[in-house]
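First the structure, in the form of structure tokens, and then the observations on it.
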Amino acid sequence: DTPFILAACCGHLDALRAMYAKGGKPLLQQKGKGLGYAIHAASWKGHLDVVKQLIEWGGKAELDKRWHKNGWGTLPIHEAALSGDLATFNYLIDVGGIQQIDKRDYVGSSTFLWAARGGSIDILKTIRDRLGPEVIKEKEVCSRLSALHHAAEKGHAPAVWQLLEWESAEEIDKRDSTSYTPFILGALKGHPIVMKVLYEKAGARLLEQTEEEGLFAIHIAADRGYVDVINQLLEWGGIKELEKRRDDSSTPFLQAALAGQVEAARAMYAKGGKPLLEQKGQLGQFPIHKAAAGGTLRAGKPGHVAVVRQLLEWGGLGELEKRDEDDDTPFILAAWSGYVDVMEAMYTKFGYFAIHYAAEKGHVAAVNKLIAWGGLGELERRTKLDRTPLHIAALCGQLDVTRLMYAKGEKKLLEQQGDGGKYPIHYAAQNGHVAALNQLIEWDDENALDRRTQVGAYPIHAAGAGVLGVDGDSPGHVAVVKQLVQRGGRAELNKCTAGGATPFHTAAVNGRIEIMKAMYAAGGKALLSARTSEGLLPIHRAAGEEDVSDGHIAVVKQLIEWGGVKQLKEKTSAGNTPFHTAAFNGSIELMNTMYAVGGKPLLDARNNDGELPI
């Protein structure tokens, strides 16, 4: 596009005149690729003063210039109709006569059809008033697109409504050359408001319309990923929409998987749930097969990876075992198609490799086979949390798998460190697996009990902590603590992290009352007076949690029972009492528990900065 054309497009009349003064009429013949002639650009943007000036310079010949816009050959009147600027549109008719309205582009689109594409009700009314109501039935010669098709395709809901009001309701069922109805076009382009207008006029029968390949509106929306359209169709048609099948037997959910549209799949799953995972299409393929193999130019792209991951999250590992009529699994189809990213998503679901899953479930034969295929390097594979297969086996208490791995990798496996520097024995202790713990100790000899994490935590600290957010106060955890104390003696209870926390501190901060009882039975009152490097007693640690559980309340009550009310008077290095600590963290339940024992004196205690709990 030249400067002259751009000035016309932007409505800069003075700039246009300055250039014309130098370049003259040849400028009117300049034609750009993006905007056409200057007259097209000005008409499209509705710059009436520029249009008048160009016609003054070039005469009526300006009105007959065609721009081969995508092969359409549009005239200025078509561009004005598209723009929706009524003043410019009427001016072109005033200059060129009523015949301007009758002119068509190269593909047979009339001015009325261009106005429908632009969505201008004013221009549509102007044309209808001049040519009569029959103009509504006009169609493109080649595509058979009607005004209603054009307005629906472009998302012009008000124009759609107006066209329907002009008794063009019969046009709702008319099809273009590709068998699209206006309703199907609305779905294809993602215009739920247009679809609502059409639905209000024609009702539920529109849901049964299909295009030439048998796709319903919901298939098309699923293929394109239009969640708003999907939700609207489900509101109208209910869950039975998800059972509709196109000519190749695909359901909307299968279509979304095939196209890699994860948000569309989620919208449908929210209504249809797990039964959707069992839908089969052509060749007996499940949704996971469709996502794995793709089938369009989009296949194997990030969308398919996201769908595969989502399907695995919903359906679990069983999804990977599904077979189609050719006995192919999803993994085989992804390999056959060369979609490495999809294969990786299956092989490393949630950061797990196959051997991690086999270890978690205790499948000895599977672990053995994976090592046979992949070598000892399989034992070094890491999850996203930096855990090896042995870590997973220890964490899950899978003793037979643990023994198999040790037989293959031997003692060096005991040196593997995972998240936070944890060794295999920490994972076994953390989840309360006594048998796995004893086996690891047997292999590791005297080193086992002295393994430390990055924060200096020993296995007994891991047992005292348990798993965050889950029950870590089980009989298994208590048994692990007792076993460690039996093996290491009372010294186990005196071991400290880098911050000076004993196992008793760790159990207190995690609200593990049963574990603390087991430790107290072995260590007695001395455990109550152990301090961290910041001078915190176990009762300070228990009172310092923001997320207070029943376990924390039970721990505070038990510590007071063991140590008496003086526990509430103990201060940290900063001079804070447990009541200060609970107040600082907003732990009203713990404060009530302490106040019931210590009463009003708790309110008057000051820390080193002279601060009261309030």
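The values are calculated or read from the model by the stated rules, or taken from the named source; none is laboratory data. Quantities reported herein were computed from a predicted structural model and do not represent experimental measurements. When we count neighbours, we look across all protein chains shown, and the Cβ atoms used for this are built from the backbone with ideal geometry, even at glycine.
Among residues of the stretch 356-389 being in a helix (DSSP H, G or I) and basic (K, R), the one that is farthest from A428 (Cα to Cα) is K369.
The helices (runs of 4 or more DSSP H) located wholly in the stretch 518-614 that include 1 or more residues which are under 44 Å from the mean Cα position of the chain (by Cα) and crowded, with 18+ Cβ neighbours inside 10 Å occupy 538-543, 550-563, 578-584, 588-598.
Screening the candidates A7, A42 for the property of being more than 30 Å from V141 (Cβ to Cβ), under 52 Å from the mean Cα position of the chain (by Cα) and modelled with pLDDT of 95 or more yields one hit, A7. Entry remark, the stretch 44-83: residues being touching a strand residue (DSSP E or B) at 6+ places or on another chain (Cβ under 7 Å) and crowded, with 20+ Cβ neighbours inside 10 Å number 2 in total.
Residue selection: L277 fails the criterion of being assigned to a helix (DSSP H, G or I) and under 22 Å from F353 (Cβ atoms).
For the stretch 242-258, the set of residues classified as under 17 Å from I184 (Cβ atoms) and surrounded by 24 or more Cβ atoms within 10 Å (Cβ to Cβ) consists of S250, P252, Q255, listed by residue number. The sole residue among V401, V342 that is buried (at least 20 other Cβ atoms within 10 Å of the Cβ) and at pLDDT 90 or above is V401. One residue alone among V107, V194, V160, V141 is under 23 Å from H78 (Cβ atoms), within 32 Å of the chain's Cα centre (by Cα) and not assigned by TED's automatic domain parsing to the domain that holds V227, and that residue is V194. The conditions of being among the polar types (S, T, N, Q) and farther than 30 Å from T497 by Cα are met by T348. Among the residues of this structure, K412 does not count as one that is without any contact (Cβ under 8 Å) to a residue 60 or more places away in the chain, surrounded by fewer than 22 Cβ atoms within 10 Å (Cβ to Cβ), among the basic types (K, R) and part of a loop (DSSP other than H, G, I, E, B). Here is the figure for the stretch 415-450: residues that are of a type outside the set (D, E, K, R), in a helix (DSSP H, G or I) and closer than 20 Å to K384 by Cα total 8. Looking only at residues in the stretch 497-514 that are touching a helix residue (DSSP H, G or I) at 6+ places or on another chain (Cβ under 8 Å) and assigned to a loop (DSSP other than H, G, I, E, B), the one that is surrounded by the fewest Cβ atoms within 10 Å (Cβ to Cβ) is T497.
Entry remark, the stretch 107-141: residues being over 16 Å from L185 (Cβ atoms) and not in a helix (DSSP H, G or I) number 7 in total.
Here's the yes/no breakdown for (1) in the same structural domain as N494 (by TED's automatic domain parsing); (2) over 19 Å from A465 (Cβ atoms); (3) aliphatic (A, V, I, L, M):
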residue	(1), (2), (3)
A518	yes, no, yes
G535	no, yes, no
L559	no, no, yes
K571	no, yes, no
G586	no, yes, no
P601	no, yes, no
G610	no, yes, no
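With respect to (1) under 30 Å from A465 (Cα atoms); (2) touching a His at 6+ places or on another chain (Cβ under 6 Å); (3) in a loop (DSSP other than H, G, I, E, B), the lone exception for I392 is condition (3).
Exactly one residue out of E321, E325 is over 17 Å from the mean Cα position of the chain (by Cα) and at pLDDT 90 or above, and it is E325.
Applying a threshold of 7 Å to beta carbon distances and a minimum spacing of six or more residues, or different chains, the list of pairs starting in the stretch 579-595 at a residue that is in contact (Cβ under 8 Å) with a residue 12 or more places away in the chain and ending at one that is among the basic types (K, R) reads T593/K557. When A457 is tested against the conditions (1) within 25 Å of G500 (Cβ to Cβ); (2) out of contact with any Leu (no Cβ under 7 Å at 6 or more places or on another chain); (3) assigned to a helix (DSSP H, G or I); (4) touching a residue at least 24 places away in the same chain (Cβ under 8 Å), the lone failure is (3). Pairing each residue of the stretch 517-535 that is farther than 18 Å from H461 by Cβ with any residue that is loosely packed, with under 15 Cβ neighbours inside 10 Å and of a type outside the set (D, E), provided the two are 6+ apart or on different chains, yields C-beta distances under 7 Å for G535/S573. None of R104, R175 is in contact with a Ser or Thr (Cβ under 6 Å, 6 or more places away or on another chain) and more than 28 Å from G190 (Cβ to Cβ) except R104.
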